[in-house]
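The block underneath contains the structure these notes are about, expressed in structure tokens.
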Amino acid sequence: MKPEIVQKAQDYLSESGIDAWVVSDFRGSNPVLSQVLGQALPHATRRVIAIVPRSGAPQLLVHAIEAGNFRRESGGHSEVIAYSDRADLERWLRQALKGCRQVAVEYSPGGELPTVSWIDAGTFEWLCQLGVDPVSSADLMQVTLATWSADAQVSHYRAATGVVAARNAGFTFAAAELVAGREPTEWQIQQHIAENLTASGLEFDHPPIVGVNVHSGDPHYNPASEGSAPLRRGDWLLIDLWGRLPGDENVYADITWVGRAAAQPTPEQQSVFDIVKGARDLVVDRVTQAWERGREVMRGCDLDRAARGFITSAGYAGAILHRVGHSLGPGPSVHGIGANLDDMENRDTRLLSPGSGFTVEPGIYLDTFGVRLEIDMFVDPECGPVVTTPLQEEILCLVD
């Protein structure tokens, strides 16, 4: 298992009084396991259980026919223990958990946080039958798997440089096409941005979101090669893009900007933009002020509630369609495994701990257009919260 993950986990277990962390996986059902191991899982068709005790060596219980693959992948480490049948697995599990009272597992009471709910009900019941009390690993995951290493920080800033360049290329391409008398489609703009991301050496799990007018009011709109809307003079344009350097230790950069294919926005567009900008800046201020007062940064749910309250007070409660932000951390997905800014879809009470990152992306989505202004933030353990991507302060006007 990854030594730094084990050390962070054991530090947390010691502080919290939890006896062990039990990460159970069956055929890739628990994405936490690969992050704990620090590698993609070898091919496995049987149950795999990782156990990180409060102190001592961790163990990895693997079926005998697949133990060799895990030993080879881990460099022959002795923590790989082979079991033959269920009775054998239970004997090893009882032995590993002997003396344990509480164990952390990927579970959220009431299913409140789906991002940490990976253990199946039967395995949960089995652990109870073995005499231990399973508790949520949500906070443990936050401090072990959501924090950035020094290399991860560097990777994020490099990704941000490439993402910002691709954003610029997308808006520039759209403007140039309009000036030339052409009407680029959403799909053409998307492909141009994607090509620039790839040219910068970045990877992404989904092409950028490019929405014109009504489509910008659909937060996860995806233009198709056939039938996507053209961008014409006077239209509204939203671009959401993300990317990272290849490697599961690396962290995505994820931003959203908006513009209009005209010399200036309409009064309504300007008003909605200002409200969304105000909500975004409120979150940045709250996080920064909390750090300056010497407190833990804040809970994700508190920041979500503050930003949505700002938008609601401006009269747009019905135009809020999603939480205010998501975790950014090491791993294969742009949506990280750590705390989200969320008291809407779920209630994320985890603290935005030092060393973790997240997006701030409030939005207002109307029938005719939508505005989302997305930035990234990192809680530097020494300096406190910092914004790692540019802040959009004005609507981009693409043509005169």
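The values are calculated or read from the model by the stated rules, or taken from the named source; none is laboratory data. Here the structure is a predicted model, which is why all the values come from computation and not from measurement. Please note: Cβ atoms are built from the backbone with ideal geometry, for glycine as well, and neighbour counts cover all protein chains shown. Side chains included, ligands, DNA and RNA excluded: accessible areas come from the protein's heavy atoms. Shrake-Rupley method; radii C 1.70, N 1.55, O 1.52, S 1.80 Å.
Being small (Gly, Ala, Ser), surrounded by 15 or more Cβ atoms within 10 Å (Cβ to Cβ) and either under 30 Å from Asn213 (Cβ atoms) or at pLDDT 95 or above (or both) is the requirement here; does Gly309 meet it? No; evaluated as a whole, the condition is false for this residue.
Given the structure, is Trp148 open to solvent by 40 Å² or more (accessible area, probe 1.4 Å), hydrophobic (A, V, I, L, M, F, W, C) and touching a residue at least 40 places away in the same chain (Cβ under 8 Å)? Taking the combined requirement at face value, the residue does not satisfy it.
Scanning the stretch 179-193 for residues that are open to solvent by less than 10 Å² (accessible area, probe 1.4 Å) and hydrophobic (A, V, I, L, M, F, W, C) gives Ile189, Ile193. Among the residues of the stretch 314-334, those identified as open to solvent by 30 Å² or more (accessible area, probe 1.4 Å) and modelled with pLDDT under 95 are Pro332, Ser333. Do you know which of the residues in the stretch 210-224 that are open to solvent by 10 Å² or more (accessible area, probe 1.4 Å) and in contact with a Pro (Cβ under 8 Å, 6 or more places away or on another chain) is farthest from Asp240 (Cα to Cα)? Selected residue: His215.
Comparison of Ser84, Ser78 shows that the only residue that is of a type in the set (S, T, N, Q), modelled with pLDDT under 95, open to solvent by 10 Å² or more (accessible area, probe 1.4 Å) and out of contact with any Phe, Trp or Tyr (no Cβ under 6 Å at 6 or more places or on another chain) is Ser78. Just so you know, in the stretch 1-17 the residues that are out of contact with any Pro (no Cβ under 6 Å at 6 or more places or on another chain) and open to solvent by less than 30 Å² (accessible area, probe 1.4 Å) include one that is farthest from Ser34 (Cα to Cα), and it is Gly17.
Tally up the residues in the stretch 379-400 that are touching a helix residue (DSSP H, G or I) at 6+ places or on another chain (Cβ under 7 Å), surrounded by 21 or more Cβ atoms within 10 Å (Cβ to Cβ) and in a strand (DSSP E or B), please. Going through the stretch 379-400 one residue at a time, the tally reaches 1.
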